[in-house]
Amino acid sequence: MTGKRGRGRTESPFEPRRRARRRALQALYQWQLNDDTAASIIAQFVEEQNFDGVDQDYFEVLVREVVGRRDELDQAVAPYVKRSDVGIDQMERAVLRLGACELMFHPETPYRVVIDEAVELAHRFGAEQAHTFINGVLDRLAAETRSLERQVEQAGE
């Protein structure tokens, strides 16, 4: 879905997925605060948000997976979190869960893309140094969950 956007710039073919992640992060943040169902959060976002140029299917998949696999995702990142659970704010928790979900269940997305996107979300929506924290945790998780992909990449360098 490539097209013109603003001053003659061509939109990246990856932009719909990037927007889906952004919407999913916002939905997950709201879910964490309200503990609503995935279906309810998705319905509310689809009704209230502009989904033009958003990969809505991917948005829905991410929200459903994170909500449905919350405990599994939290357990996966726990060994790499050096601060107490209380020290992770709600936005950081949402970014970690989203990034962990993509690393663990979406091998079609390169691990570097997952980490870069999560870091960008943390930089944009998180606390001042949240992006550094997110990068460290997800990089260590990727070493475990995407070890073969990392080895192939390193062999090619």
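The values are calculated or read from the model by the stated rules, or taken from the named source; none is laboratory data. Just so you know, these numbers come straight off a predicted model, no measurement behind them. Cβ: placed from backbone, ideal geometry, glycine included. Neighbour counts: every protein chain shown.
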Quick one: Met104 ticks every box in (1) modelled with pLDDT under 95; (2) among the aliphatic types (A, V, I, L, M); (3) touching a Ser or Thr at 6+ places or on another chain (Cβ under 7 Å) bar one, so which box is it? (1)
Across region 62-90, the tally of residues that are under 23 Å from Val46 (Cβ atoms) and at pLDDT below 95 stands at 1
Scan region 130-157 and report the pairs whose first residue is touching a residue at least 40 places away in the same chain (Cβ under 8 Å) and of a type in the set (Phe, Trp, Tyr) and whose second residue is surrounded by 14 or more Cβ atoms within 10 Å (Cβ to Cβ) and not in a helix (DSSP H, G or I), with Cβ atoms within less than 9 Å and a gap of 6+ or a chain change. Phe133/Val81; Phe133/Ile88; Phe133/Gly126
Hey, can you tell me all the residues within region 17-40 that are surrounded by fewer than 21 Cβ atoms within 10 Å (Cβ to Cβ) and over 14 Å from Met91 (Cβ atoms)? Arg17, Arg18, Arg19, Asn34, Asp35, Asp36, Thr37, Ala38, Ala39, Ser40
Hey, can you tell me all the residues within region 146-157 that are under 18 Å from Val77 (Cβ atoms) and in a loop (DSSP other than H, G, I, E, B)? Arg146
Check whether at least one residue in region 91-109 is farther than 17 Å from Arg21 by Cβ, charged (D, E, K, R) and out of contact with any helix residue (DSSP H, G or I) (no Cβ under 6 Å at 6 or more places or on another chain), and report yes or no. no
All helices (runs of 4 or more DSSP H) inside region 70-145 with 1 or more residues being farther than 24 Å from Leu33 by Cα, among the polar types (S, T, N, Q) and more than 12 Å from the chain's Cα centre (by Cα): 130-145
